[in-house]
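Here's the structure we're looking at; comments come further down.
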There are 4 protein chains.
Amino acid sequence: MGKLGIGVLGVGAMGRRHAENIRRLVPEARLIAVADVALEQARRVAAELEIEHGFSGLDEMLERKDIECVVIATPDKFHAEAIRAAAAAGKHILSEKPLALNLDDALSALDAVAKAGVYLQMGFMRRYDPGYASAMKRIEAGEIGEPVVFKSIGRDKDAPPISSYASKLNGMLFYNNTIHDFDLARWLMKDEVSEVQAYATVAIRPEIAKFGDIVAGVVNLKYGRGAIGNIESYVQAVYGYDVRTEIMGSKASILIGSLQQTPVTFLTDEGGTQRLADHFLSRFDDAYVAEMQDFAQSILKDRAPRVTGEDGLRALEMAVAAEKSYLQSAPCRVGAEGQHATGGRPGNRARES
Amino acid sequence: MGKLGIGVLGVGAMGRRHAENIRRLVPEARLIAVADVALEQARRVAAELEIEHGFSGLDEMLERKDIECVVIATPDKFHAEAIRAAAAAGKHILSEKPLALNLDDALSALDAVAKAGVYLQMGFMRRYDPGYASAMKRIEAGEIGEPVVFKSIGRDKDAPPISSYASKLNGMLFYNNTIHDFDLARWLMKDEVSEVQAYATVAIRPEIAKFGDIVAGVVNLKYGRGAIGNIESYVQAVYGYDVRTEIMGSKASILIGSLQQTPVTFLTDEGGTQRLADHFLSRFDDAYVAEMQDFAQSILKDRAPRVTGEDGLRALEMAVAAEKSYLQSAPCRVGAEGQHATGGRPGNRARES
Amino acid sequence: MGKLGIGVLGVGAMGRRHAENIRRLVPEARLIAVADVALEQARRVAAELEIEHGFSGLDEMLERKDIECVVIATPDKFHAEAIRAAAAAGKHILSEKPLALNLDDALSALDAVAKAGVYLQMGFMRRYDPGYASAMKRIEAGEIGEPVVFKSIGRDKDAPPISSYASKLNGMLFYNNTIHDFDLARWLMKDEVSEVQAYATVAIRPEIAKFGDIVAGVVNLKYGRGAIGNIESYVQAVYGYDVRTEIMGSKASILIGSLQQTPVTFLTDEGGTQRLADHFLSRFDDAYVAEMQDFAQSILKDRAPRVTGEDGLRALEMAVAAEKSYLQSAPCRVGAEGQHATGGRPGNRARES
Amino acid sequence: MGKLGIGVLGVGAMGRRHAENIRRLVPEARLIAVADVALEQARRVAAELEIEHGFSGLDEMLERKDIECVVIATPDKFHAEAIRAAAAAGKHILSEKPLALNLDDALSALDAVAKAGVYLQMGFMRRYDPGYASAMKRIEAGEIGEPVVFKSIGRDKDAPPISSYASKLNGMLFYNNTIHDFDLARWLMKDEVSEVQAYATVAIRPEIAKFGDIVAGVVNLKYGRGAIGNIESYVQAVYGYDVRTEIMGSKASILIGSLQQTPVTFLTDEGGTQRLADHFLSRFDDAYVAEMQDFAQSILKDRAPRVTGEDGLRALEMAVAAEKSYLQSAPCRVGAEGQHATGGRPGNRARES
């Protein structure tokens, strides 16, 4: 079995990390090229990682036969477009979340994937975190009984600069951050969310209101089989990057997450202090590696990825519904538009029918 | 300054604890009598606590001059009626939550209190918990900056027996349990909640649906000054009595609560296990004592209680709105009916206008 | 069964707490008098606790028929003498630790107790702490298997002022603080320590060397049945009062202790901070109450106390051996002087033979 | 700067991990060969890591010019001999701990290193753990003030099989496990230990006594500048791999270590359970990578390693002293034999003089 040739599109912090992981920690894969509209940056990363090619865009990568897969780590706004182009060129895809910033864009991306018969994996890396993965094992083994309540918290340490909001390159909080919790809400509960209710606030940062974004949101969830839940997202927690999830079952419950990153407590007359993770790249460093390894192995074995385009669509539908609920001050049904093709090869397809 | 004569109405677990605390831990007070419709039980408790009087009802207590205050620990359904009777007899009152099970009943109780010019303290004992109290001190000192998000969890270990639901003596989950979090939501954030959105479920206990009760609920909060929040209540957590609250501010955040009651970790090849509190009487034992001491001191100094009838009314309005939101699948404004007199002596009054 | 009349000798922080507990939290007992060489202080405490008698010494208490028990909370130096006098007057005794500051003094105190046929309980209150008590239950149920290693840490937040060292009223660190861990080392392991090895330091406080005291000590333990252990004591931990114990067994292990007193975490960009207990009176508040309740019940039922004079002697022997080991830089056998009568009524006796 | 060619001697769990790390996570290095007396195993590992050479011993590696460094991960018994051979061949060395199993062997290894002018780094990987490293940074910044007490715990989950003891390939507990804590005791306190007192036990495993090994040990430490300390090692903790260290300073203290490996709490009516790490390869996975990266960078820059042969010698002297103290039931001076050459290039030397 030869090595899987991969190109990475976008070398911001996230894309750079993916490139590094492929280069160093995924023995089944070979990093062929990185690309970025900032060509200089692409070349610098290529040099640092000691690979040959630093391109200025997707096209150059799509032309190469030795690139079989593309990892998409551009701003959110360009995900769907890049997926369509990569699929059309017959490349398998690992795309960062969200799938798109609106449902039409998402559906046309999934259609392109389906038509091309390529695989698409969504970058919900939390599923690969040792904590979340071990929780899921216990849930699947029936250890918590019937799931009743889902709770999740996702807090960033520092909000993006105002320029980042102004550029509108990334989706608002529900699309860019909460999307991870929307995915967990489906995955860990093994059920679909049928309706949401959301409040949001710009609170301490009123200047972002004009860009349609928010500082914090709370989203209530109603599940198809009767469970309920809540997700809280906050973009400016100051004290650290804090991700925690709880699943309450009829027999037992599970808490995932921790307030402590490094196992050090510093004790003064103020008390004992622990530092938290300050960024998702440190909190989920292992998860990103495991995600990429699993992606490479799936593709090499011609096996549908574990996190599919449909997962991307469902999470996006929840984000769309949450935003609508917030703007209209009313509960909003999720994915009321009906069932959509979500693409992938026939094997992938079969799973969905 | 003589001792404050107190009678306790209702000697279930809660009333018995109040009676014990007054007898043993509130030096400023004297427990004169306990009363319960179960006369035998009242007499037994009186004997155990070595006090003279075990009565069958409130009337006998109200007739006594040496009883200046009445602690009401009956089932929820009778709180308002007992408050009216006690106020009419000129007794000061510490009433367990909720103030009443509907707003009319609550308002007439507060009117009676106002007319009688007596003091009424609501039994929101969490405000007296060392954890919550120290959090509030830091908030009032401005240490967290502007509060942005309020979160609270309240989970009971074991749900009441079905007979308890059938009797309808106590309010449904939002009135009987969540009411504590509704109070915290106002108190810690120093702001009023203007609207709520709620989902609820009977999930694993469908047999309680016919009594109008629920197993779990999630309630989103929208605050007057722009903050948001969420409260989760669950009646059957199995693993313990688990109460936790988080307040996210612009400068810092506070977490109150702990998964560990006794400082013991038992380590086997399964890992390290800590036991949680199993009941509010053990988790909040200190708070109940501090609450009663503060009540006695307030009354003796002719000072309005720190937790007022208005606090009881506001929390009840939130419960009413949460129930309505759940039943109607729509957001619901809190206390839309306008401002109500909430009673107490002139000094108390002044604070509210 | 009438109430047990008790007098408290010494109304420093410890004695005052005992007096308060008896007055308010031990329904079986009646606080008759407090006494202190500082008569004014004794009278003030008597007034505050609303009891009649504040005496200047033990004699006045011993003369009273209604005082059946004496609680000794004087400086360490006077414990044995007070025990002898109280025993001679036929009073039952709860004495603070240590039993004495040397073995001769201790043995003569135990002889006096034995001759008088009174009960003597040693104030090792940690045995009554919910954490330690629940650990012991599990050990006695065989849940940890064979105990192999005993570890204990005892750290005070702030060292006493230099004047306190100069007065020499209390024993050096091993006698005054470590004595608690010496007791736990025997009790939890259900075995005797046969030999110790100790290092100690005056480190950051060289000015106390001339009083024969130390700032920190580490004591290795060798047990009769083959287990080993270590105790660390530190008098100036700055960050809080920190008491933790670990028992490693062949099947499981137990950790007792916690770095967090109040369940509050304050989160800033420095991380999450929890406050510790700052004093034994707050860390062990429940234990002191349970200790006194158990003492009163034992005496009223004419039952030997659970923590006996022999326990006091054995812990003292360990302190003596630890000090000798430190001074002579050599391991030191514990209690090599042989078996001693340890007193109490016949029932008590029988247990020991 | 070309890549550093490295060969790994010994492909048990530890050597295999080093080989993997070099292959995948140390971009500055190239894994040229692995070698093991079990040739089949060496070849299998070579194949899995996709490198060319799997040898049966050190000699084949020493002959190769492209191998500039050797990583020694044989059983303890062969460390010194392999160091001498590698040094004689002019190879730089990263050796697993301990340096040797006796001082003569250690000194002759260091002499060989010194004569050859090669670099030797000792595998005290804990210094590279994020927790320990951040603690050291705070200590070096003076944040804890004067260090007063050093405490360390090192517990393995499962003891080796009896066959492993019988083979005598590895040193007894003080040499094989406690050696890590001996190194930390010097490093974190920035002082030398002058004397130790040790107790040890075979307790629940008497069958290992005949091989001169122990199940648990406690070692008191006396430092040159007046501080004291204690180390506990236990080989059969059942509940997990548990490494914790505390440094008490005059101004603040630091705790390193955690009872929780994965951030998951499983909650049942027994309470909340967290799993611990079960092996040093999982607890210190990041540390092993950082160690190897630092080694490669040091060698490439012709810079003395941060963990030197002298560090290996000093820790060994402590192990020797601890064993002697245990066997002779007496305190034992550390390294009383005087100062020894500890090798390395001139630059390295200079640091030591």
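A short reminder: the numbers here are calculations on the coordinates, not readings from a lab. What you are looking at is a predicted structure, and each value in this text was computed from that prediction instead of being measured. Here Cβ is always computed from backbone atoms with ideal geometry, including for glycine, and neighbour counts include all displayed protein chains.
Chain C residue nearest the axis that carries C onto B, by Cβ, with distance in whole Å, is C:R24, 3.
Assuming charge only on the beta carbon of Lys and Arg (+1) and of Asp and Glu (-1), the dipole of region A:115-163 about its Cα centre is about 120 debye to the nearest 20. Dividing the Cα radius of gyration of region D:1-154 by its Kirkwood radius returns 1.03 for Rg/Rh.
Each Cα pair under 8 Å and six or more residues apart adds its separation to the average, and for chain B the resulting relative contact order is 20 percent.
With loop defined by DSSP as not H, G, I, E or B, and exposure as at most 13 other Cβ atoms within 10 Å, which is the longest segment of chain C clear of exposed GluC sites (Glu not before Pro)?
C:53-336
Position C:E140: other-copy label points at 4.5, 4.6, 5.2 nm, ordered by increasing distance, label point 7 Å along Cα→C-beta.
For region B:43-161, the dipole from Cβ point charges (+1 on Lys and Arg, -1 on Asp and Glu) about the Cα centre works out to 300 debye, to the nearest 20. Suppose R0 equals 35 Å. What FRET efficiency, 1/(1 + (r/R0)^6) with r the Cβ-Cβ distance, do C:E48 and C:A141 give to the nearest 0.05? That gives a FRET efficiency of 0.20.
Note on C:K91: lysines with a C-alpha under 21 Å away, same-chain residues under 8 apart excluded, are C:K3, C:K65, C:K77, C:K115, C:K301.
Of A:I93, A:I153, A:I179, which has the largest mean-square fluctuation in a 10 Å C-alpha GNM of chain A? Highest fluctuation of the listed residues: A:I153. Note on chain B: GNM, Cα springs under 10 Å; of B:K324, B:K251, B:K77, the largest mean-square fluctuation is that of B:K251. Using +1 at the Cβ of each Lys and Arg and -1 at the Cβ of each Asp and Glu in region B:146-295, identify which of B:Y223, B:L169, B:Q293 lies farthest towards the dipole's positive end. With unit charges placed on the Cβ atoms, the residue in question is B:Y223. Judged by the gyration tensor of its Cα atoms, with axes a ≥ b ≥ c, chain C is rounded; a/c sits under the 1.5 cut.
For A:K157, give me every one of the lysines with a C-alpha distance below 21 angstrom, ignoring sequence neighbours fewer than eight places off in its own chain. Leaving aside lysines fewer than 8 places away in the same chain, those within reach of A:K157 are A:K97, A:K168, B:K151, B:K251. Sorting D:L58, D:L221 by the number of Cβ atoms found within 10 Å of their own Cβ, with the fewest placed first, yields D:L58, D:L221.
Once the Cα gyration tensor of region B:118-258 is found, what semi-axes does its equivalent ellipsoid get, as square roots of 5 times the eigenvalues, in whole Å, sorted largest first?
29, 16, 15
Peptide C:233-240 shows a mean partner chain C-beta count of 6 within 10 Å per residue C-beta. Take the alpha carbon gyration tensor of region D:249-303, find the square roots of its eigenvalues, order them as a ≥ b ≥ c, and report rounded if a/c is under 1.5; if not, report prolate when a/b exceeds b/c, else oblate. Since a/c reaches 1.5 but b/c is at least a/b, the shape of region D:249-303 is classed as oblate.
Short to long, the 10 Å bins of the Cα pair-distance histogram for region D:181-284 hold 12, 33, 33, 19, 4, 0 percent of all pairs. Across the copies of the chain, C:P160 has label points (7 Å from Cα along Cα→Cβ) spaced 5.0, 5.5, 6.3 nm apart, shortest distance listed first.
With one equal scatterer per alpha carbon and no solvent term, the Debye-computed log10 I(q)/I(0) for the protein assembly as shown at 0.06 1/Å reads -0.65.
Considering only DSSP beta bridges whose two residues both sit in chain D, what percent are antiparallel, to the nearest 5?
The antiparallel fraction comes to roughly 55 percent.
Every helix of 4 or more DSSP H residues in chain C counts as -39500 (n - 2.57), and over all residues that averages to -11000 deg cm²/dmol at 222 nm.
The calculated FRET efficiency for the pair D:A166 and B:D269, based on their C-beta separation and a Förster distance of 22 Å, comes to about 0.30.
For region B:184-237, pairs of C-alpha atoms spaced more than 13 angstrom apart make up 62 percent of the total. Taking chain D as a Gaussian network, Cα atoms linked when under 10 Å apart, which of D:A321, D:A159, D:A35 shows the biggest mean-square fluctuation? Fluctuation is largest for D:A159.
Remark: the Cα gyration tensor places region D:254-339 in the oblate category, a/c being 1.5 or greater and a/b not exceeding b/c.
Relative contact order for region A:24-147: 16 percent, from Cα pairs under 8 Å spaced at least 6 residues apart, divided by residue count. About its Cα centre, the dipole of region D:151-251 is roughly 160 debye, where the only charges are +1 on Lys and Arg Cβ and -1 on Asp and Glu Cβ.
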